Every structure is written in C-alpha cells, then in structure tokens.
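Here's the structure, in structure tokens; my notes come after.
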Amino acid sequence: MSKLYIVPTPIGNLKDMTFRAIEVLKEVDLILAEDTRTSGKLLKHFEIATPSQSHHMHNEHKTVEGLVQKLKGGMSIALISDAGTPAISDPGFLLTRACIENGIDVECLPGATAFVPALVNSGLPNDKFVFEGFLPVKKGRQTRLTLLAEESRTMIFYESPHKLLKTLTNFCEYFGADRPVSVSRELTKLYEETVRGTAQEVLDHYTQKPPKGEIVIIVGGKK
C-alpha cells in the first residue's frame, strides 16, 4: 500500500536510531535523502539496502509532482534528512502537503530532533514556546528581531557556528543584554555542551571560545 513515511534519523549518536525507523527504511520501495552520501553511511551502518535518491531544498520544487505520481502508482517512500526530523528546518513540507492534497497516506515516525533536548536542557520555561528556526540572514532580520523582542514565550533558534556571535550580539541589542539564553552545541555527540547565562555572558563565552558544530539557542521570553 502506497504511503509516505517521514523518518527521523540521529542528530549525532547512531544509538538514537529507533528499531521502527530501521524496519520502515528496509521495507519501503524508495528512500528520499537530503544528501545521499551522508545518508549512505547511515544506511550502510544499519545494513539497509533500499534504493535512495536525493531530495533537498534545491530540487524539491521540481521533484514533488513526480514523487506524488510514484506514490499514486503504489510505491511506498520514506523521507529522511541528514539529521533529525524532516521538515523541521529541512526539506519535507512541500512533499507532505502534496501527498495530503492528493489523498496519499502520510505517517511521521517519532524520533530525534535537536530543539527538544536543547529546550529541556536550558532550564527555561517550556510549557509554552515558539520555534523560530534560522533567522533571516539579511532581509527581514531587523523586523523579525523587533517583533520577537515582545515575545513572552520561550524562543528556539537554530544557528551555524560562524554566525553565532552575530546572533547573540543581536539578542543583546534587541532583547537586552540581561535576557536569559542557553546555547546547546553538538547535541548527542562526544563534545556536547550547554552554556547558560545572560545574552551578554554567553556572548562573552563564545567570543573567547569560538564555537564548532550544530547549535540550538534557547532564549527566555519577555517578562
């Protein structure tokens, strides 16, 4: 029976791969991978021989229609990203929406995603929160930060290491230097760390110790 499976993959530690995820990836007809070279290492590790093809932000607009036709023809397809849950700051939304519009079953498996452990580790309120993902690089950045300065819920951001200092500086400017911030880096990996403090304290820390790896920033809301 045709179905699109959204399958989370580990964000670092391969032991976070679920038994169910492995089973689904072995049973489907095709795996869509953000980067087939990266995913190839994961599939080889778990002895998954299912054919795979690339599905990423640069080609997803062009490939969605063809994939929908394959699903309508009876294929079962699994979508994975390089790490974490597809469609969370990764490709996946367009295909999921197209499947739903065409009456094709979609099933998302539970599994690894970076922002949940970062949020819980932060010690900041997590009963209500807003996921912002990556801030705009240029156009719209100031407007977004101005709006978020009034946000009362805990905020979640993704950031690359070479842009972290700029983003923390922006938080000091727009949210205030004393706003509580928690930065989690390299989650589930050997050098995992979480640095907590005010926006200024965390900025000072990473000014002295340039960050590496994948980063999640948790920011307390306005009180």
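Scanning segment 90-113 for residues that are more than 21 Å from THR9 (Cβ to Cβ) and without any contact (Cβ under 8 Å) to a residue 24 or more places away in the chain returns ARG97, ILE100, GLU101, GLY103. Within segment 179-223, if we keep just the residues that are open to solvent by 80 Å² or more (accessible area, probe 1.4 Å) and within 14 Å of LEU124 (Cβ to Cβ), the residue that is modelled with the lowest pLDDT turns out to be LYS223. Return yes when LEU147 is surrounded by 13 or more Cβ atoms within 10 Å (Cβ to Cβ), assigned to a helix (DSSP H, G or I) and at pLDDT 95 or above and no when it is not. The answer is no for LEU147.
The residue pairs whose first member lies in segment 63-89 and is within 16 Å of VAL28 (Cβ to Cβ), whose second member is open to solvent by 20 Å² or more (accessible area, probe 1.4 Å) and part of a helix (DSSP H, G or I), and whose beta carbons are closer than 7 Å, counting only pairs six or more residues apart or on different chains, are ILE77/LYS70.
One line per residue, one yes/no per condition, for (1) over 22 Å from the mean Cα position of the chain (by Cα); (2) assigned to a loop (DSSP other than H, G, I, E, B):
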site	(1), (2)
LYS26	yes, no
SER39	no, no
LEU43	no, no
GLU47	yes, yes
GLN53	no, no
HIS56	no, yes
HIS61	no, no
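Could you tell me whether any residue of segment 160-167 is in a loop (DSSP other than H, G, I, E, B) and open to solvent by 50 Å² or more (accessible area, probe 1.4 Å)? No, every residue in segment 160-167 fails to be in a loop (DSSP other than H, G, I, E, B) and open to solvent by 50 Å² or more (accessible area, probe 1.4 Å). In this structure, PRO125 does satisfy being over 17 Å from the mean Cα position of the chain (by Cα) and open to solvent by 20 Å² or more (accessible area, probe 1.4 Å). Close contacts from segment 30-48, counting a first residue that is in contact (Cβ under 8 Å) with a residue 40 or more places away in the chain and a second that is of a type outside the set (Val, Ile, Thr) and assigned to a helix (DSSP H, G or I), with Cβ to Cβ under 8 Å and a gap of 6+ residues or different chains, come to LEU30/LYS70; ILE31/LEU25; ILE31/SER39; ILE31/LEU43; LEU32/LEU67; LEU32/LEU95; ALA33/SER39; ALA33/GLY40.
Would you check which residues across segment 90-99 are charged (D, E, K, R) and either under 22 Å from GLU27 (Cα atoms) or not in a helix (DSSP H, G or I) (or both) and list them? Passing the criteria: only ASP90.
This table checks each residue for (1) farther than 30 Å from THR154 by Cβ; (2) at pLDDT 95 or above; (3) open to solvent by 30 Å² or more (accessible area, probe 1.4 Å); (4) touching a helix residue (DSSP H, G or I) at 6+ places or on another chain (Cβ under 6 Å).
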| residue | (1), (2), (3), (4) |
| --- | --- |
| ASP29 | yes, yes, yes, no |
| LEU42 | yes, yes, no, no |
| THR63 | yes, no, yes, no |
| LYS70 | yes, yes, yes, no |
| GLY74 | yes, yes, yes, no |
| GLY92 | no, no, no, no |
| ASP105 | yes, yes, yes, no |
| ASN121 | no, yes, yes, no |
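Counting residues in segment 2-15 that are open to solvent by 20 Å² or more (accessible area, probe 1.4 Å) and without any contact (Cβ under 8 Å) to a residue 60 or more places away in the chain gives one or more.
The values are calculated or read from the model by the stated rules, or taken from the named source; none is laboratory data. Please read these numbers as outputs of a predicted model, since none were measured by experiment. When we count neighbours, we look across all protein chains shown, and the Cβ atoms used for this are built from the backbone with ideal geometry, even at glycine. For the accessible areas, the whole protein counts, side chains as well, though only heavy atoms, and no ligand, DNA or RNA atoms are used. Shrake-Rupley method; radii C 1.70, N 1.55, O 1.52, S 1.80 Å.
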